[in-house]
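Working notes, beginning with the structure itself.
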Amino acid sequence: MATRTRRSQRRTEALSRERIVEAAIELLDAAGESGLTFRALTERLATGPGAIYWHVANKGELLGAATDAVVAAALAAGHAASAGPAEAAGHAEAAKSPESAGSAESAEAAGPAESAESPEAIEPTKSHESAGPAEAIEAAGAAGSPQDGIRAVALGLFDAIEEHPWLASQLMTQLSHSLWETVAPRIFESVGRQIRALDVPESSWFAATSALMHYILGAAGQNATNAASARTLGPEVDRARFLDAASTAWEQLDPDDYPFTRAVAGQLRGHDDREQFLAGVDLILAGITASLPAR
């Protein structure tokens, strides 16, 4: 009896929304968006399609849930990095599962009524209220400056987009088509609260937050694209060799047409992507703080 109970618990866990989203992220990381199919998902989870449709209505919903889960974890990691050890442990616990990202489950969205699995294995998971970034943001602000909080958010997203190459395009899709979904408000809130803490006038909150958000996602997405392109060049062409070749080509440009590009060619050769990314964040922050009214 005990063995049967443990087996049922494992089956239920494997078919929870959380496990389905985790498996979707694994497939996306391995093969990109084209590799995420319900056939591949059923094979990975060793279940029938009906059990999956009970939790997720379609591929679009699954992509949204996967994106939201990765973003929530990235923001929590960023806030934890700028908070103290006690707060960091709390943030990590709050964001460790995709369900904590605030993805709601609806029985009405179920697919086929019949499933290849037993009824106990396809019991729908209950909706979970999102832990949200609020507590993490407040802790980060208390532990460091608003600038530190923004840098932490930026690096959290930078690392997540680099680790999950599919994430950049999904973020662009959600930001252009689904601003009312969870992802855009998560990122906007994480950056915006720090902007408010800088005493930026309320009339400039939207512009300042938007500028940072667009830079962070755009630069991080470009970095992920560069990394993906480098992988197609083969193992014999590493990053240093690629940048050296590009820098040499810049140095050989016509000095009359490209005086500036020739002058910075050496900086291209030796630059660090993360340092350059943070330098851009700091330039925007410097512009925002310089425009603040005198205290």
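The values are calculated or read from the model by the stated rules, or taken from the named source; none is laboratory data. Owing to the predicted nature of the structure, the values given are computational and were not obtained by experimental measurement. When we count neighbours, we look across all protein chains shown, and the Cβ atoms used for this are built from the backbone with ideal geometry, even at glycine. Surface areas here come from the heavy atoms of the whole protein model, side chains and all, with no ligands, DNA or RNA. Shrake-Rupley method; radii C 1.70, N 1.55, O 1.52, S 1.80 Å.
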Number of the exception - R196 against (1) over 22 Å from G32 (Cα atoms); (2) open to solvent by less than 70 Å² (accessible area, probe 1.4 Å); (3) touching a Phe, Trp or Tyr at 6+ places or on another chain (Cβ under 7 Å)
(2)
Where in segment 203-285 are there helices (runs of 4 or more DSSP H), lying fully within it, with 3 or more residues that are open to solvent by less than 80 Å² (accessible area, probe 1.4 Å), on the phi < 0 side of the Ramachandran plot and not hydroxyl-bearing (S, T, Y)?
205-232, 239-251, 265-270
Note down all Cβ pairs under 6 Å where the first residue falls in segment 166-178 and is within 15 Å of A228 (Cβ to Cβ), the second is small (G, A, S), and they're at least six residues apart or on different chains.
W166/G32; A168/G221; A168/A224
Under the condition of being in a helix (DSSP H, G or I) and open to solvent by 20 Å² or more (accessible area, probe 1.4 Å), which residue from segment 43-54 is modelled with the lowest pLDDT?
P49
For V200, the lone unmet condition from (1) assigned to a helix (DSSP H, G or I); (2) in contact with a helix residue (DSSP H, G or I) (Cβ under 6 Å, 6 or more places away or on another chain); (3) modelled with pLDDT of 90 or more is (1)
Selected residue (only one of A265, A207, A290 is farther than 25 Å from D159 by Cβ and in contact with a Phe, Trp or Tyr (Cβ under 6 Å, 6 or more places away or on another chain))
A265
Counted residues in segment 158-193 being among the aromatic types (F, W, Y) and either under 23 Å from K59 (Cα atoms) or loosely packed, with under 15 Cβ neighbours inside 10 Å (or both) come to 2
Scan segment 275-295 for residues that are closer than 21 Å to G218 by Cβ and among the polar types (S, T, N, Q) and report the count.
1
